[in-house]
Structures are given as C-alpha cells and as structure tokens.
Amino acid sequence: MTMHNSVDVPGSQGFITGYLEALALVERLHRLLLDVIKDEFERVGILEINAVQALLLFNIGENEVTAGELKSRGYYQGSNVSYNLKKLVEMGFMHHQRCEVDRRSVRVRLTDKGREIRDIVGRLFARHADGLQSKGVLGPDGIESINISLRRVERYWGDQIRYIY
C-alpha cells in the first residue's frame, strides 16, 4: 500500500513521493516487528504477554526507569505505557517502587521472569541480525547508512516540534 497525497508542496514531486513511501514503510516495519515478536512468543509457548509488553521489557533491560522516561523515548506510540507497565508488574515481570524524591513517580525494573522475556527477544533480534548478514540482505555499511538517515529524520522532526513551541 503506497501513501498518496495531493498536497501542493514546493520541491521535487519525486522526492515527496519517496518521502511518503518511506513514512509508510516505517509504519509497516513497526507493525511487522510486533508481529515477528508475537509469532516468536507463540512459537515458544509464551502467551501471557503481548508484543508491545515484550518490547518494553527488552528496551528497559537492566535499567530502572519511570513510565514518563519510557513515554519520552517515544518507543510505544499507540500503546498505553502506564497500562502495560501495570500489567507487567501484576504478572510478575517487573518490580515497581515509588521514587523517594518524587512520590508521584514510580520506578520499575525487571524481575528474573522479565529478564527471561528480554533474553528471548534479544536472541530473536540476534538471529535476525545474523540472517540479514548471512543472506546478504543487509551488511554493516547498509545498516549504518539506514541508521544515519533515520537519525537525521528524527532530528529534523524533533526540531520541527520544538520550533512550533
């Protein structure tokens, strides 16, 4: 599915088309990432958490964080971070503790059960990285080029948001 938009914007029509295609691809890749994680968890028989929750556990890793910090990183748009953290605590994947300095804030960290999930996701990603390289889909230069470009777009969008305010 290709995004089409008839907005009259100065610039090369080819570039705009490519930009819209890139936006659609980023969205599709995020959805596919969640599907890949979901399929892996079904394969290994873990059905009690969803892909977003597993990705949360993976990204928290060994850190102790607040819900606000996770939201500000922006990984979980379209999901309710606070709800997912609450469920992960209830299911025993995370510890939570009120922050001493700001009693309104709750800090969370993984339990052993949460680390097991993080490790499953980590092994999945390692297999994918190996497969991308061994099958010649993408090498170190290609992934670095993608990351440089995506960081530039991220900076540009961030600057646009800050410029508005």
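The values are calculated or read from the model by the stated rules, or taken from the named source; none is laboratory data. Please read these numbers as outputs of a predicted model, since none were measured by experiment. As a convention, Cβ positions derive from the backbone with ideal geometry for all residues, glycine included, and neighbour counts pool all protein chains shown. Calculation scope for accessible area: heavy atoms of the full protein, side chains included, ligands and nucleic acids excluded. Shrake-Rupley method; radii C 1.70, N 1.55, O 1.52, S 1.80 Å.
Laid out as a table, the results:
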| quantity | calculated |
| --- | --- |
| Answer residue from the range 23-72, given it is among the small types (Gly, Ala, Ser), at negative phi and touching a residue at least 12 places away in the same chain (Cβ under 8 Å) and is surrounded by the most Cβ atoms within 10 Å (Cβ to Cβ) among those | 54 |
| Members of the range 143-155 found to be modelled with pLDDT under 95 and over 17 Å from residue 30 (Cα atoms), listed by number | 155 |
| Per-region count, the range 101-136, residues within 17 Å of residue 87 (Cα to Cα) and in contact with a Pro (Cβ under 9 Å, 6 or more places away or on another chain) | 0 |
| First in the range 143-165 and acidic (Asp, Glu), second anywhere and open to solvent by less than 80 Å² (accessible area, probe 1.4 Å) and assigned to a helix (DSSP H, G or I), Cβ under 6 Å, 6 or more apart | none |
| Extreme residue, farthest from residue 46 (Cα to Cα), among residues of the range 90-109 that are modelled with pLDDT of 85 or more and out of contact with any Lys or Arg (no Cβ under 6 Å at 6 or more places or on another chain) | 107 |
| Output for the range 110-136, where each listed residue is open to solvent by 70 Å² or more (accessible area, probe 1.4 Å) and either of a type in the set (Gly, Ala, Ser) or at pLDDT below 95 (or both) | 134 |
